[in-house]
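**Q** Input: one structure, supplied below.
The values are calculated or read from the model by the stated rules, or taken from the named source; none is laboratory data. These numbers come from a predicted model, not from an experiment. Positions of Cβ are generated from backbone atoms using ideal geometry, with glycine treated the same way; all protein chains shown enter the neighbour counts. Heads up: the accessible areas ignore ligands, DNA and RNA and are worked out on the full protein's heavy atoms, side chains in. Shrake-Rupley method; radii C 1.70, N 1.55, O 1.52, S 1.80 Å.
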Amino acid sequence: MIIQVLISFFIALAVTIGAGYVFIPLLRRLKAEQSIQENGPVWHNSKQGTPTMGGIIFILGILIACYIAGASEMRDRNFHHFFIFLFSFVFALVGFLDDYEKLKKKQNLGLTVLQKFSLQLIVAVAFVIILDFTGSLTTNVYVPFFNTSFTVPAFLYYGFAAFVIVGTVNAVNITDGTDGLSTGVTIPVMIAFTVIAILWGDAVNGIFAAAVAGGLVGFLIFNFYPAKVFMGDTGSLFLGGAVCALAFSLDIPLILITLGIVYFIETLSVIIQVSYFKLSKGKRIFKMAPIHHHFEMCGWNEYKVFAVFTTVSVIFAAISIFGVYQK
């Protein structure tokens, strides 16, 4: 199994690097260029025109890695790694629609909030129903670090699952705000899922998690500051879907509290900022939200933001592995 996981990682890495050299010039020729938010940090204006939709680069690498490394599982009619890839890919399609709308309008406004939320909710509910139908989902909620679980009514659990999926997908999307940030933060998350899958002898989840990790390491070559390409919502929503798919497929959704700590903090900073702004009639707690922009406004450059946030993700990934080690 470890050999399969390593093969998955390195195939995704190699294919993503190769695809990057092909697709980035193609995206430039197609004028698939990022529009920068007018209310964002002014120094981000220099990023105007950087190719976006780069998520297709690592998605391709992940797909090929899953196919090759998971060949033996498919011969045994086990296609679970492709099922969770497909779930993530459907979220990528929602992101693609959003990116396309932004490109068409030539501004950083794509699908409406309602359109995005509705599509994501439909995908989340469908995923939960399919997991339940295939017997891959239980209504037992495992509590990390305490090695215990409790059962909740089915309708309550499905509502919880849909809420967590939509919330996490959007949290990963929010984290994608500076060069390489979402990529760097998600690599330790995927490595943690890979290690957990290996410890539990779960080959299919391990193959998928390793493929995502490898694809992101390859993508970071192009996405690190100064970024040659952005993943766009195509990539960030795919990653959000992948994080959720693995958490529920491994039946440890509560691990996202620690494993996804950076995503959680990023989202919480936006909620706090918006709520306080409305309640105080115009005052702010942070200089800018999400919180990575606050630190930029405090004088951190993008290297430091990347290094600190990724380090936090690494630390909490290690803590999370320990938290479910005894399951």
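**Q** For the stretch 5-22, how many residues are of a type outside the set (Ser, Thr, Tyr) and more than 13 Å from Gly70 (Cα to Cα)? Even if it seems obvious, please write down each step before you answer.
**A** From the stretch 5-22, those of a type outside the set (Ser, Thr, Tyr) are 5-7, 9-15, 17-20, 22; that's our starting set.
Still in the running and more than 13 Å from Gly70 (Cα to Cα): 10, 13-15, 17-20, 22.
Going through the stretch 5-22 one residue at a time, the tally reaches 9.
**Q** Exactly one of these conditions fails for Gln326: (1) closer than 24 Å to Gly215 by Cβ; (2) open to solvent by 70 Å² or more (accessible area, probe 1.4 Å); (3) assigned to a loop (DSSP other than H, G, I, E, B). Give me its number.
**A** (1)
**Q** While we're here: Read through the list (1) open to solvent by less than 40 Å² (accessible area, probe 1.4 Å); (2) in contact (Cβ under 8 Å) with a residue 24 or more places away in the chain; (3) of a type in the set (A, V, I, L, M, F, W, C), then give the number of the only condition that Val152 fails.
**A** (2)
**Q** Here's something else I'd like to know. With the structure loaded, tell me whether Phe309 is over 30 Å from Phe82 (Cβ atoms) and among the aromatic types (Phe, Trp, Tyr) or whether it fails that test.
**A** Details: over 30 Å from Phe82 (Cβ atoms): yes; among the aromatic types (Phe, Trp, Tyr): yes.
Judged against the criteria, Phe309 is a match.
**Q** Further question: For Ile271, all conditions in the list (1) free of Cβ contacts under 8 Å to residues at least 60 places away in the same chain; (2) in contact with a Gly (Cβ under 8 Å, 6 or more places away or on another chain) hold save one; what is the number of the exception?
**A** With respect to (1) free of Cβ contacts under 8 Å to residues at least 60 places away in the same chain; (2) in contact with a Gly (Cβ under 8 Å, 6 or more places away or on another chain), Ile271 is out only on (2).
**Q** Starting from the stretch 287-307, keep only residues that are within 17 Å of Ile265 (Cα to Cα) and β-branched (Val, Ile, Thr), then list their pairs with residues that are in a loop (DSSP other than H, G, I, E, B) and modelled with pLDDT under 95 whose Cβ atoms are within a distance under 6 Å, requiring at least 6 positions of separation or different chains.
**A** Going by the 6 Å Cβ cut-off, the qualifying pairs are Val305/Thr178.
**Q** Would you point out which residue out of Leu250, Leu254 is closer than 29 Å to Phe83 by Cβ, more than 15 Å from the chain's Cα centre (by Cα) and at pLDDT below 95? Don't jump to the end; show me each part of the working.
**A** Values: Leu254 fails: at pLDDT below 95.
Of Leu250, Leu254, the one residue that is closer than 29 Å to Phe83 by Cβ, more than 15 Å from the chain's Cα centre (by Cα) and at pLDDT below 95 is Leu250.
**Q** Can you tell me which of Thr112, Thr139 is among the hydroxyl-bearing types (Ser, Thr, Tyr) and closer than 24 Å to Leu268 by Cβ? Don't jump to the end; show me each part of the working.
**A** Values: Thr139 fails: closer than 24 Å to Leu268 by Cβ.
Testing whether each residue is among the hydroxyl-bearing types (Ser, Thr, Tyr) and closer than 24 Å to Leu268 by Cβ leaves just Thr112.
**Q** Continuing with this model, one more query. Mind telling me which of the residues Phe163, Phe150, Phe193 ends up being within 14 Å of the chain's Cα centre (by Cα) and either closer than 18 Å to Ser249 by Cα or of a type in the set (Ser, Thr, Tyr) (or both)? Explain how you work it out, then say what you get.
**A** Numbers: Phe163 fails: within 14 Å of the chain's Cα centre (by Cα); Phe150 fails: within 14 Å of the chain's Cα centre (by Cα).
The unique qualifying residue is Phe193.
**Q** Among the residues of the stretch 277-293, what is the count of those that are out of contact with any helix residue (DSSP H, G or I) (no Cβ under 7 Å at 6 or more places or on another chain) and either outside any loop (DSSP other than H, G, I, E, B) or within 19 Å of Val172 (Cβ to Cβ) (or both)? Full working, then the answer.
**A** Going residue by residue through the stretch 277-293, those that are out of contact with any helix residue (DSSP H, G or I) (no Cβ under 7 Å at 6 or more places or on another chain) are 277-282, 293.
Checking which are either outside any loop (DSSP other than H, G, I, E, B) or within 19 Å of Val172 (Cβ to Cβ) (or both) leaves us with 277-279, 293.
Qualifying residue count for the region: 4.
**Q** Could you tell me whether Ile187 is free of Cβ contacts under 8 Å to residues at least 60 places away in the same chain and assigned to a helix (DSSP H, G or I)? Explain how you work it out, then say what you get.
**A** Working: free of Cβ contacts under 8 Å to residues at least 60 places away in the same chain: no; assigned to a helix (DSSP H, G or I): yes.
No: the conditions fail for Ile187.
**Q** Could you please tell me which pairs satisfy a Cβ distance under 8 Å, a separation of 6+ or placement on different chains, a first residue in the stretch 57-82 that is closer than 28 Å to Ser236 by Cβ, and a second residue that is outside any helix (DSSP H, G or I) and open to solvent by less than 10 Å² (accessible area, probe 1.4 Å)?
**A** Note: pairs meeting the criteria are Ile57/Val229; Phe58/Met231; His81/Gly70; Phe82/Gly70.
**Q** For the subset of the stretch 57-91 comprising residues that are surrounded by fewer than 24 Cβ atoms within 10 Å (Cβ to Cβ) and of a type in the set (Gly, Ala, Ser), which member is farthest from Leu119 (Cα to Cα)?
**A** If we take residues in the stretch 57-91 being surrounded by fewer than 24 Cβ atoms within 10 Å (Cβ to Cβ) and of a type in the set (Gly, Ala, Ser), then Ser72 is farthest from Leu119 (Cα to Cα).
**Q** Considering every residue within the stretch 140-149, establish whether at least one is in contact (Cβ under 8 Å) with a residue 40 or more places away in the chain, within 27 Å of Asp233 (Cβ to Cβ) and open to solvent by less than 70 Å² (accessible area, probe 1.4 Å). Before the answer, list the steps.
**A** At the first step, the residues of the stretch 140-149 found to be in contact (Cβ under 8 Å) with a residue 40 or more places away in the chain are 140-145, 147.
Next, from what is left, pick out any that are within 27 Å of Asp233 (Cβ to Cβ): none.
No, the stretch 140-149 contains no residue that is in contact (Cβ under 8 Å) with a residue 40 or more places away in the chain, within 27 Å of Asp233 (Cβ to Cβ) and open to solvent by less than 70 Å² (accessible area, probe 1.4 Å).
**Q** From the list Val274, Val229, which one is over 23 Å from Gln4 (Cα atoms) and not in a helix (DSSP H, G or I)?
**A** Values: Val274 fails: not in a helix (DSSP H, G or I).
That would be Val229, the only listed residue that is over 23 Å from Gln4 (Cα atoms) and not in a helix (DSSP H, G or I).
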